[in-house]
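Here's the structure, in structure tokens; my notes come after.
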Amino acid sequence: MPYQELGEDVRRVAAQVPGVRGTHRCWVRRHGFDYFVDLDILVDGDLTVREGHDLAHAVHERVRDELPLIAKVMVHVEPDDEYGRFALPGEAPPSA
């Protein structure tokens, strides 16, 4: 499966988790037969640390359940506000 297609699938699945407002960067790497993902999710900036952690865990579990090719998902939580919605030079703006 091409990396871009798998990344799009990861974003789609993550966006279905209640509380996820969007995604930002999504990196997919392959090692042997396994795929590894780093994903930034955008959430309400006023969530507590515990709520953010729980949401990241829910995204991790859902992605692993729906996309069995993925061995590990590292979910980074970013606030969905003027400070969290950013794009590095050469990147597309975050999805909403």
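The values are calculated or read from the model by the stated rules, or taken from the named source; none is laboratory data. Worth saying up front: this structure is predicted, and the values here are computed from it rather than measured. Virtual Cβ from ideal backbone geometry, glycine too; neighbours counted across all protein chains shown.
Structural remarks
- Candidate set: the range 45-71, residues that are at pLDDT 95 or above and charged (D, E, K, R); chosen: the one farthest from Gln4 (Cα to Cα): Arg50
- Number of residues in the range 15-61 that are under 12 Å from Met74 (Cα atoms) and crowded, with 18+ Cβ neighbours inside 10 Å: the value is 10.
- When restricted to residues that are in contact with a Ser or Thr (Cβ under 6 Å, 6 or more places away or on another chain) and of a type outside the set (S, T, N, Q), the range 18-40 contains 1.
- The set of residues in the range 61-82 being farther than 14 Å from Arg11 by Cβ and either assigned to a loop (DSSP other than H, G, I, E, B) or free of Cβ contacts under 8 Å to residues at least 24 places away in the same chain (or both) consists of Glu61, Arg64, Asp65, Pro68, Leu69, Asp80, Asp81, Glu82.
- Search result, residues across the range 1-14 that are among the charged types (D, E, K, R) and surrounded by 11 or more Cβ atoms within 10 Å (Cβ to Cβ): Glu8, Asp9, Arg11, Arg12
- Only residues that are of a type outside the set (A, V, I, L, M), more than 14 Å from Leu67 (Cα to Cα) and assigned to a loop (DSSP other than H, G, I, E, B) were counted in the range 1-32, giving 4.
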